[in-house]
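*Asks:* Okay, here's the structure, questions in a sec.
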Amino acid sequence: VVDEAGVLGDDVESALRRKIHDHLDGSGVAIAVVIVPALDGRSLGAVVDDVVGAFQQGFGRGKAAVLVVIALHDHLMRISGDPRLREDGVLSDGEVEELTSDATKAFASGDVKGGVTKLVDGIIAKTPHAPRDRMFVVRVTLIAGAMVIVLALLASVIMRRRASSSPPSSPPSS
């Protein structure tokens with residue numbers, strides 16, 4: 001949490017940081033919230049790009065991430081999610097729109113602290129786990145397939161041993 005606008009206060013900022021770190025530890029998803037007072041003539045996209053670059057070099061390095069940038073006095077906000085989250089069905093565009101709408105309502109009523117807290121809580125709720133690593137999924141699938149083959153071979157061997165060790169059945173007597 002980087003509050004360059006100074007609107008959250010130490011208690012809220014500290015609580016949000018704790019939530020974000022706990023979520024990262026539990027889910028593998030990094031969350032960043034950056035609040036700037038104004039864009040100062042820059043585009044929101046340029047600011048987001050700068051923040052993403054810095055975030056990926058630090059706290060978010062190598063992790064699936066969701067980044068929130070709020071330009072308070074410009075009344076602009078962007079939630080930028082790692083594409084892997086979308087591809088894996090963890091955080092859809094519709095969910096991002098819902099989060100944006102909920103936060104915007106809080107901001108419009110003057111509750112910036114509540115809006116940012118809702119954003120963080122909503123992102124945490126919608127990102128319970130990091131996207132599955134494709135190679136991990138391939139490995140698990142191959143291991144599961146190999147286990148099925150081994151079990152089938154084992155069952156075949158057991159059935160053959162039982163068949164060879166049982167006495168031949170005698171023909172019915174008349």
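*Asks:* Which of (1) surrounded by 15 or more Cβ atoms within 10 Å (Cβ to Cβ); (2) modelled with pLDDT of 90 or more does residue 111 not meet, given it meets every other one?
*Replies:* (1)
*Asks:* Which of (1) open to solvent by less than 60 Å² (accessible area, probe 1.4 Å); (2) charged (D, E, K, R); (3) under 18 Å from the mean Cα position of the chain (by Cα) is the odd one out, the single condition residue 13 does not satisfy?
*Replies:* Here residue 13 clears every test but (3).
*Asks:* Condition check: touching a residue at least 40 places away in the same chain (Cβ under 8 Å), crowded, with 19+ Cβ neighbours inside 10 Å, in contact with a strand residue (DSSP E or B) (Cβ under 9 Å, 6 or more places away or on another chain) and assigned to a helix (DSSP H, G or I). Does residue 116 satisfy that? Break it down stepwise before answering.
*Replies:* Values: touching a residue at least 40 places away in the same chain (Cβ under 8 Å): yes; crowded, with 19+ Cβ neighbours inside 10 Å: yes; in contact with a strand residue (DSSP E or B) (Cβ under 9 Å, 6 or more places away or on another chain): yes; assigned to a helix (DSSP H, G or I): yes.
Considered against the rule, which asks whether it is touching a residue at least 40 places away in the same chain (Cβ under 8 Å), crowded, with 19+ Cβ neighbours inside 10 Å, in contact with a strand residue (DSSP E or B) (Cβ under 9 Å, 6 or more places away or on another chain) and assigned to a helix (DSSP H, G or I), residue 116 comes out as yes.
*Asks:* Within region 139-155, can one find any residue that is modelled with pLDDT under 80, surrounded by 10 or more Cβ atoms within 10 Å (Cβ to Cβ) and within 27 Å of residue 66 (Cβ to Cβ)?
*Replies:* yes
*Asks:* Let me ask something else. Among the residues of region 24-35, is there at least one that is at pLDDT 90 or above, open to solvent by less than 20 Å² (accessible area, probe 1.4 Å) and assigned to a loop (DSSP other than H, G, I, E, B)?
*Replies:* No, region 24-35 contains no residue that is at pLDDT 90 or above, open to solvent by less than 20 Å² (accessible area, probe 1.4 Å) and assigned to a loop (DSSP other than H, G, I, E, B).
*Asks:* Would you point out the residue of region 45-70, among those that are modelled with pLDDT of 80 or more, of a type in the set (A, V, I, L, M, F, W, C) and not in a strand (DSSP E or B), that is surrounded by the fewest Cβ atoms within 10 Å (Cβ to Cβ)?
*Replies:* It comes out as 46.
*Asks:* Let me spell it out: the conditions are (1) open to solvent by less than 40 Å² (accessible area, probe 1.4 Å); (2) not acidic (Asp, Glu); (3) not in a loop (DSSP other than H, G, I, E, B), and residue 38 meets all of them except one. Which number is the exception?
*Replies:* (3)
*Asks:* Right, something else. For region 121-137, indicate whether the set of residues that are open to solvent by less than 50 Å² (accessible area, probe 1.4 Å), β-branched (Val, Ile, Thr) and modelled with pLDDT of 90 or more is non-empty. Show your work before the answer.
*Replies:* Within region 121-137, the first condition is being open to solvent by less than 50 Å² (accessible area, probe 1.4 Å), and the residues that meet it are 122-124, 126-127, 130-131.
Add one more test, that the residue is β-branched (Val, Ile, Thr), and what stays is 123-124, 127.
Filter once more, so that each one left must be modelled with pLDDT of 90 or more: 123-124.
Looking for residues that are open to solvent by less than 50 Å² (accessible area, probe 1.4 Å), β-branched (Val, Ile, Thr) and modelled with pLDDT of 90 or more, one finds at least one in region 121-137, hence yes.
*Asks:* How many residues are among the acidic types (Asp, Glu) and closer than 16 Å to residue 23 by Cα when one looks only at region 83-106?
*Replies:* 0
*Asks:* List pairs: first residue in region 50-69 and touching a residue at least 60 places away in the same chain (Cβ under 8 Å), second residue part of a helix (DSSP H, G or I) anywhere in the structure, Cβ distance under 8 angstrom, at least six positions apart or on different chains.
*Replies:* 63/24; 64/84; 64/85; 66/85; 66/123
*Asks:* Being touching a Leu at 6+ places or on another chain (Cβ under 8 Å) and among the hydrophobic types (A, V, I, L, M, F, W, C) is true for just one of 44, 67, 24, 72. Which residue is that?
*Replies:* Details: 67 fails: touching a Leu at 6+ places or on another chain (Cβ under 8 Å); 24 fails: touching a Leu at 6+ places or on another chain (Cβ under 8 Å); 72 fails: touching a Leu at 6+ places or on another chain (Cβ under 8 Å).
Every option except 44 fails the conditions.
The values are calculated or read from the model by the stated rules, or taken from the named source; none is laboratory data. The structure presented is a predicted model; accordingly, all values stated were derived computationally and were not measured. Heads up, the Cβs are rebuilt from the backbone with ideal geometry, glycines too, and the neighbour counts pull from every protein chain shown. Quick note on the areas: whole protein, heavy atoms, side chains included, nothing else; ligands and nucleic acids left out. Shrake-Rupley method; radii C 1.70, N 1.55, O 1.52, S 1.80 Å.
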